[in-house]
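Just below is one structure, and these are the notes that go with it.
The values are calculated or read from the model by the stated rules, or taken from the named source; none is laboratory data. Keep in mind that what you see is a predicted model, and the values were worked out from it rather than measured. Every residue, glycine among them, receives a Cβ derived from its backbone with ideal geometry; neighbour counts consider all protein chains shown. Heads up: the accessible areas ignore ligands, DNA and RNA and are worked out on the full protein's heavy atoms, side chains in. Shrake-Rupley method; radii C 1.70, N 1.55, O 1.52, S 1.80 Å.
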Amino acid sequence: MSRIKIKFEQLNKEGRKGLVTFVTAGDPSLQQSRDVLMALPNSGADFIEVGMPFSDPMADGPAIQASSLRALEGGMNLTKTLELVRELRAAHDKTPIILMGYYNPIYRYGCEKFIESVSECGVDGLIIVDLPPEEDYEIRPMAVEAGIDIIRLMTPTTVGTRLDTVLDGASGFLYYVSITGVTGTKSANIDEISKHIDVIKSKTDLPVAVGFGIKTPEDVSAMSKIADAVIVGSAIVQNMAEHKNDTEMKALIENQVKALAQAL
Amino acid sequence: MNTKIKQDNLVNSLRSMPDDQGHFGLYGGRYVAETLMPLILEVEKAWHEARDDQKFWDEFHALARDYIGRPSPLYYAEATTKHLGGAKVYFKRDELNHTGAHKINHCLGQILVAKRMGKPRIIAETGAGQHGVATATVCALFDMPCTVFMGAEDVERQKPNVFRMKLLGAEVIPVTSGSGTLKDAMNEALRHWVANVDDTYYLIGTVAGPHPFPEMVRDFQSVMGKEVREQMMEKEGRLPDSLVACIGGGSNSMGLFHPFLDDTDVQMFGVEAGGFGVDTDKHAASLNGGDVGILHGMRSYFLQNDDGQITEAHSISAGLDYPGIGPEHAYLHDIERINYVSVTDDEALEAFQMLTKLEGIIPALEPSHAFAHVMRLAPTLPKEHILVMNLCGRGDKDIFTVAEKLGMEIE
């Protein structure tokens, strides 16, 4: 059974919701992102989402855009990102690791080689933001073969036949984008999302994780009432950026993540 | 103009693309986040309904005639022909359009689609500001609020166009994210669109982006190629032998070429911006110096490094300064239907001056690239060879750039 599935079953048994934390690989530096990533599982993160930096992160807001650029300016690339994930996997055997990024660097690396590499590094799931179900034929069959989940995004406007299209072939969990916008911007309308998640749950057994616009323990608390897991990205990335020259940065992030986890 | 909607039998035709998912062979498609997908599908539906509606085209062609000034003339460039001493050279005079370039053709078409969709607000991206000005113009005409995203660096470099857009009532938002250029302006426009789905239409400035934009912009720009067919039959009683047009994203070239794709005797030359040379790292030649990739919702050729990070384009012409190219061009390149060549900054600058002196027409730096290739090509061809170049924009906007390059001062 995949680590993602085991984790959700365990959460279910404990009657708990999951916390997904996002950090961009190589931001603000390779060493700092390594330090933070290594500390996340013991601070309360149930799932680790690692961002693969891209020059043109079209679906991301200012915080994650800036993190991508910082990483690239520091010399980060896909090969180094995979190396970082390998270290993370070696240190944390049970925590599901999900890679998130855009299609071009993967396509350039080679889809087949990419699936081989991520499989070997111990990655459990992939979120390829700009690869909709209609276009994922080059990578999904190989991912399925390797036991790697392709995690699909859905939004408040994913309804009707579009919802069926997105659910067809989805695995791992569903990444529910709670706002119409980019990462880290405005806040979500809980009642509407709750109703929509009910519709989704009537069509699939997959767990639903909610992300985009979730920043504070209060946000986490509210969202965890309606979802199986809550994703926090921009707020962590922003905090890392603000304290990148601070020797206490890792400790600050640990405290932030602990506070988020306690709010679940 | 011929407003007939249903084309001839398009089975086995190069003009029958894209497929129903927006693919031109391997290229095109809809590589967008799920956040954008419902919008794109909505645009596709509205566009396809419009395309099949004679009333839509009646309105388009009436405004194309009376507001843009279509058809633009097909001009026999006698002095150029004599000077080059080979092929008979014609210019398609789209620089005479209202706003001074071909961009207004797809702006008019798209704003009519936006109206049909009931979207009261328009956003656009712009590099040099030509597409921004054309968008602001049609927004003024239809009294619709307009927001233009423009790289912060371009806002500084293209002050006259920024002023024009503001006069026309548009809001110009300088984009500082990423590298602050055209590709970032496009990223920012897409982000803004996702966050404002209910009331906003994104009026894309070239034959690029996710399906249906490459198809839709092409079909509006094809008005040029269709006119050339009719005008050439009137003037010469036959089709031209070759067509030449410059390529950034590829809208003017696609508009000229597309109606001729099935005429196998018509040769076509797409001229990319070679900057300092395609063997340097300062050019905008995605086909001659880039690789297959995915950006801005499409699979096509892009300038990128080994890690798949998109790199900056460079051209003396801001309108060609884009690190990608429309997906239909990528396909036509692979099957070798169109010859894609490149012209450097210096060659374009020389062609700019040559065309100005020979014909008394100051061309934009974009079609100066096309003319540089005409200067290479025409002398090698026989006198009965008929060549048509798309003179897709006038050069008033470029006089500051040219003066600086020539070491002259404008007060």
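Descriptive notes on the structure:
- Placing dummy labels 7 Å off each Cα toward the beta-carbon, the span from residue B:48 to residue A:252 is 5.2 nm.
- Close lysine pairs were tallied over the stretch A:1-126: pairs 8 or more places apart or on different chains with Cα atoms under 19 Å apart number 8.
- Burial here means at least 50 square angstrom less accessible surface with every protein chain in place than with the chain by itself, probed at 1.4 Å; in the stretch A:94-124 the buried residues are A:104, A:107, A:108.
- Cα-based shape type of the stretch A:1-145, given that a ≥ b ≥ c are square roots of the gyration tensor eigenvalues and the cut on a/c is 1.5: oblate
- Within the accessible area of the stretch A:3-259, the carbon and sulfur atoms contribute 49%, probe 1.4 Å, all protein chains present.
- Residues of the stretch B:146-193 buried by at least 10 Å² on assembly (accessible area, 1.4 Å probe, chain alone as reference): B:177, B:178, B:183, B:187, B:190, B:191
- Overall form of the stretch B:291-352 per C-alpha gyration tensor (a/c, 1.5; a/b vs b/c): oblate
- Choice from B:86, B:393, B:29 with maximal GNM fluctuation in chain B (Cα, 10 Å cutoff): B:86
- Absence of a disulfide-compatible partner, taken as no other cysteine beta carbon within less than 4.7 angstrom, is noted in chain B for B:107, B:246, B:392.
- Of A:171, A:119, A:33, the one that fluctuates the most in a GNM where chain A has Cα springs shorter than 10 Å: A:119
- The stretch B:186-278: trypsin sites (Lys or Arg not before Pro) in DSSP coil with no more than 15 other Cβ atoms inside 10 Å: B:238
- Virtual spin-label span in nm between residue A:2 and residue B:142, 7 Å along Cα→Cβ: 4.4 nm
- Site-free segments of chain A were taken between trypsin sites (Lys or Arg not before Pro) in DSSP loops having at most 15 other Cβ atoms within 10 Å, sites themselves excluded; the longest one is A:95-185.
- Whole-number Å³ per residue for the convex hull built on Cα positions in the stretch B:45-111: 111 Å³
- Solvent-accessible area per residue in the stretch B:182-259 equals 20 Å², computed with a 1.4 angstrom probe and all protein chains kept.
- Of A:90, A:39, A:251, the one that fluctuates the most in a GNM where chain A has Cα springs shorter than 10 Å: A:90
- Buried area at the B-A interface (accessible, heavy atoms, 1.4 Å probe, summed, Å²): 3100 Å²
- For the stretch B:152-167, 3J(HN,Hα) computed residue by residue from phi via the Karplus equation (6.51, -1.76, 1.60; θ = phi - 60°) reads 4, 5, 5, 4, 5, 6, 10, 4, x, 6, 4, 5, 4, 4, 5, 4 Hz, glycine and proline entered as x.
- FRET efficiency, 1/(1 + (r/R0)^6) with R0 41 Å, evaluated for residue A:161 and residue A:216 via beta carbons: 0.70
- Given R0 = 56 Å, the distance between the Cβ atoms of residue B:380 and residue B:67 translates into a calculated FRET efficiency of 0.90.
- For the stretch A:3-259, the solvent-accessible area works out to 38 Å² per residue, with a probe of 1.4 Å and every protein chain left in place.
- Calculated P(r) tail over 17 Å for the stretch A:96-140, as whole % of Cα pairs: 24 percent
- Charge tally in the Cβ shell below 14 Å around residue B:320, where Lys, Arg are +1 and Asp, Glu are -1, residue B:320 excluded: -4
- Remark: spin-label model distance residue A:202-residue B:404 equals 6.1 nm, labels positioned 7 Å along the Cα→Cβ axis.
- Each helix, a run of at least 4 DSSP H residues, gives -39500 (n - 2.57); summed and divided by the residues of chain B, these come to -12000 deg cm²/dmol at 222 nm.
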